[in-house]
Amino acid sequence: GIVPAFGQVPPLKKKDHYKVGFAQTESNNPWRLAQTASMKDEAAKRGDQLVYTDAAGSAAKQVADVNSMIAQGVDFIFLAPREEKPLATAVLNARRAGIPVLAIDRDLDQAIAKRGQDYLAFIGSNFIQEGQRVGDWTIAKTGGKGKIIELEGTIGSSPANDRKKGFDDTIKAKAPDMVILASQSGDFARDKGRQVAETLLQAHPDATIVYAHNDEMALGAIAAIEAAGKVPGKDILVVSIDGEKDALQAIVDGKLGCSCECNPRFGPAAFDILYKYAAGETIPPSIINPDHFYDASNAAAALPTAY
Ligand code: AHR
């Protein structure tokens with residue numbers, strides 16, 4: 001690639017087909033598998049060569065994966081950054097090598113790498129708004145009363161930071177009778193979510209609500225609630241984010257209250273951005289996906305197309 005002037009995203013030559021990298025975070029849940037499938041399908045459809053890496057939940061490995069893509073001379077990198085800071089540094093390496101990067105689904109620390117300058121853009125959900133929407137739904141459902149356990153996502157990731165902010169600020173501002181008893185990371189994983197929920201439920205037997213930053217941890221929490229001899233959906237209201245198939249089923253079964261959608265199917269939009277950029281179109285630095293919202297009123301209808 002061509003190394004650009006300071007503060008400019010590297011240019012991309014117009015070609016029919018590209019060699020592109022996709023640096024995935026991990027593959028331990030349906031959301032990630034759906035995202036990877038969408039990227040691979042789209043690359044195949046367009047006849048682009050995809051260099052795919054899976055960081056297996058390690059930011060250090062993902063930095064190494066990006067560096068290896070740079071060494072292999074890819075034209076463009078799609079990056080789903082595990083954590084905001086370490087991967088922002090990797091993006092600077094790509095920029096210095098003249099390779100444009102598009103951050104998909106999670107964003108990077110703007111103090112280290114800037115959208116529209118160091119990397120092309122971010123495309124994904126508004127995580128703050130997701131947290132706010134779950135907060136508003138929970139307040140409406142409970143009449144603004146309840147004691148909350150919060151299961152946070154991966155420490156240092158943009159969805160964990162923003163989903164916490166959106167939810168916590170909403171509760172503080174709108175529900176003076178609600179309290180967040182404890183908040184701890186379950187790393188966006190079902191098993192870790194179950195373990196953390198088990199510990200926190202034991203420490204706080206008066207909890208009436210679990211807010212999980214994703215469905216996998218919510219499903220783990222439901223298992224922990226049942227193991228503790230309580231009834232999810234009756235004794236304890238569980239609310240979360242993503243809209244994956246198992247979660248929609250849990251809503252239908254009355255075990256999960258709601259799930260704000262976070263769409264993992266990035267392939268078509270991500271590759272569109274690459275081709276538009278190469279064609280000289282201006283790419284907005286931040287492209288926000290609209291999210292649906294699921295509860296008992298619409299979860300069953302969404303099940304057939306869920307992942
Ligand atoms: O970055 C998006 C989040 O990452 C999804 O909500 C979660 O399930 C995934 O691990």
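Would you check which residues across the range 101-142 are outside any loop (DSSP other than H, G, I, E, B) and of a type in the set (A, V, I, L, M) and list them? Quick ask: steps written out before the conclusion?
So the first thing to find is which residues in the range 101-142 are outside any loop (DSSP other than H, G, I, E, B), and the list is 101-104, 115, 119, 121-125, 127-142.
Hits for the range 101-142 are VAL101, LEU102, ALA103, ILE104, ALA121, ILE123, ILE128, VAL134, ILE139, ALA140.
Could you count how many residues in the range 241-276 are touching a Phe, Trp or Tyr at 6+ places or on another chain (Cβ under 7 Å) and within 19 Å of ASN28 (Cβ to Cβ)? Lay out the reasoning, then the answer.
Here is the first cut: in the range 241-276, the ones touching a Phe, Trp or Tyr at 6+ places or on another chain (Cβ under 7 Å) are 242-245, 248, 251, 258-261, 264, 270, 274.
Imposing the further condition that a residue be within 19 Å of ASN28 (Cβ to Cβ) reduces the set to 242-245, 259, 264.
Residues flagged as touching a Phe, Trp or Tyr at 6+ places or on another chain (Cβ under 7 Å) and within 19 Å of ASN28 (Cβ to Cβ) within the range 241-276 amount to 6.
Would you mind finding the one in GLY98, GLY1 that is at pLDDT below 95 and either touching a Leu at 6+ places or on another chain (Cβ under 9 Å) or assigned to a loop (DSSP other than H, G, I, E, B) (or both)?
Only one candidate passes the filter, namely GLY1.
Between a first residue in the range 228-243 that is within 13 Å of THR142 (Cβ to Cβ) and within 16 Å of the ligand (Cβ to nearest atom) and a second residue that is in a loop (DSSP other than H, G, I, E, B) and modelled with pLDDT of 95 or more, which pairs have beta carbons less than 9 Å apart while being 6 or more apart in sequence or on different chains?
Qualifying pairs under 9 Å: VAL238/LYS255; VAL238/LEU256; VAL238/GLY257; VAL239/LEU256; VAL239/GLY257.
Can you tell me how many residues within the range 9-68 are closer than 21 Å to LYS85 by Cβ, within 16 Å of the ligand (Cβ to nearest atom), part of a loop (DSSP other than H, G, I, E, B) and not acidic (Asp, Glu)?
5
Could you say whether any residue in the range 229-249 is out of contact with any strand residue (DSSP E or B) (no Cβ under 7 Å at 6 or more places or on another chain), outside any helix (DSSP H, G or I) and under 20 Å from PHE188 (Cβ atoms)?
Yes: one or more hits.
Go through VAL210, VAL196 for me and flag whichever is in contact (Cβ under 8 Å) with a residue 12 or more places away in the chain, on the phi < 0 side of the Ramachandran plot and not in a helix (DSSP H, G or I). Lay out the reasoning, then the answer.
Details: VAL196 fails: not in a helix (DSSP H, G or I).
Going through VAL210, VAL196 in turn, just one is in contact (Cβ under 8 Å) with a residue 12 or more places away in the chain, on the phi < 0 side of the Ramachandran plot and not in a helix (DSSP H, G or I): VAL210.
Against the condition free of Cβ contacts under 8 Å to residues at least 60 places away in the same chain, at negative phi, within 16 Å of the ligand (Cβ to nearest atom) and in contact with a Leu (Cβ under 8 Å, 6 or more places away or on another chain), how does LEU87 come out, does it pass?
Yes: the conditions hold for LEU87.
Looking only at residues that are under 18 Å from LEU181 (Cβ atoms) and hydroxyl-bearing (Ser, Thr, Tyr) in the range 111-146, which one is farthest from the ligand (Cβ to nearest atom)?
Filtering the range 111-146 for residues that are under 18 Å from LEU181 (Cβ atoms) and hydroxyl-bearing (Ser, Thr, Tyr), the one farthest from the ligand (Cβ to nearest atom) comes out as THR142.
Quick one: is GLY254 closer than 23 Å to ILE288 by Cα and not in a strand (DSSP E or B)?
Spelling it out, it is not the case that GLY254 is closer than 23 Å to ILE288 by Cα and not in a strand (DSSP E or B).
Output the number of residues of the range 105-123 satisfying the condition of being crowded, with 23+ Cβ neighbours inside 10 Å and on the phi > 0 side of the Ramachandran plot.
The number of residues fulfilling the criteria is 1.
If you go through the range 61-104, how many residues are crowded, with 18+ Cβ neighbours inside 10 Å and polar (S, T, N, Q)?
1
Output the number of the condition that ILE149 fails; it satisfies all remaining conditions of (1) within 15 Å of the ligand (Cβ to nearest atom); (2) in a strand (DSSP E or B).
Here ILE149 clears every test but (1).
Please determine whether any residue of the range 76-91 is touching a Lys or Arg at 6+ places or on another chain (Cβ under 9 Å), under 19 Å from ASP272 (Cβ atoms), hydrophobic (A, V, I, L, M, F, W, C) and not in a strand (DSSP E or B).
Yes, the range 76-91 has at least one match.
Hey, any hits in the range 217-236 for a residue that's at pLDDT 95 or above and touching a Phe, Trp or Tyr at 6+ places or on another chain (Cβ under 6 Å)?
Step one: list which residues in the range 217-236 are at pLDDT 95 or above, which gives 217-236.
After this cut, where a residue has to be touching a Phe, Trp or Tyr at 6+ places or on another chain (Cβ under 6 Å) as well, the list is none.
Taking every residue of the range 217-236 in turn, none turns out to be at pLDDT 95 or above and touching a Phe, Trp or Tyr at 6+ places or on another chain (Cβ under 6 Å).
Taking PHE22 and the conditions (1) within 28 Å of GLU261 (Cα to Cα); (2) aromatic (Phe, Trp, Tyr); (3) touching a residue at least 60 places away in the same chain (Cβ under 8 Å), which numbered condition does it fall short on, given that it satisfies the others?
For PHE22, the exception is condition (3).
The values are calculated or read from the model by the stated rules, or taken from the named source; none is laboratory data. Every value quoted in this text rests on a predicted model; they were computed, and no experiment measured them. Cβ atoms come from the backbone with ideal geometry, glycine included; neighbour counts cover every protein chain shown.
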